[in-house]
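Structure first, then comments.
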Amino acid sequence: MTLLAGTCVFAQAQQTKPMSIEVFPFELEDKSAGAGIIPPDEHDRRYLSESAQVAREMLSQSGRFTIIDGAARDEAAAPHGLRNCGGCEGRIAREHGASLALLGVVTRVNRTEHTMFIRILDAETGKPVSVGFTDLRMGANYAWPRSVKWLMTNRILR
């Protein structure tokens, strides 16, 4: 009986062990009319960085994930972003010792509207574990971290 109880406790501990996840820098895909004229600025970079930080904090605070700090970006994917490398963030996360990879992409529709996409891939198989998309479209770049919070709360961490 004691052996059975010990096995159940161990199994429960195994199920609640946090998964390791690498959160990659969020990327901006600018589809606005000004995309070819107005390059991303310090505000865009700031809010992309804050967006990734919100995701890291929410994952960590959930108690279900341990954040792995890896390299900022893989050089092979840099010219067109990780969003266009066919899921290579899974491979990169695995090389950094993570079992999951999170990538977030903000698509700027215009200067006051955006959509956001977050996907978590299994680093071993490259298959999606969780995907979230929002087209809240309210607010300029300062609203990107709020969109992350909404997606994490309502799609990713449910």
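Quick rundown of the values:
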read-out	value
Restricting the range 75-90 to residues that are modelled with pLDDT under 95 and among the charged types (D, E, K, R), the residue that is nearest to LEU157 (Cα to Cα)	ARG83
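This table checks each residue for (1) at pLDDT 90 or above; (2) on the phi > 0 side of the Ramachandran plot; (3) part of a loop (DSSP other than H, G, I, E, B).
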{"position": "VAL9", "(1), (2), (3)": "no, no, no"}
{"position": "ALA13", "(1), (2), (3)": "no, no, no"}
{"position": "SER32", "(1), (2), (3)": "yes, no, yes"}
{"position": "PRO40", "(1), (2), (3)": "yes, no, yes"}
{"position": "VAL54", "(1), (2), (3)": "yes, no, no"}
{"position": "ALA71", "(1), (2), (3)": "no, no, yes"}
{"position": "VAL109", "(1), (2), (3)": "yes, no, no"}
{"position": "ILE118", "(1), (2), (3)": "yes, no, no"}
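The values are calculated or read from the model by the stated rules, or taken from the named source; none is laboratory data. Since the model is a prediction, treat every value here as computed from it, not as a measurement.
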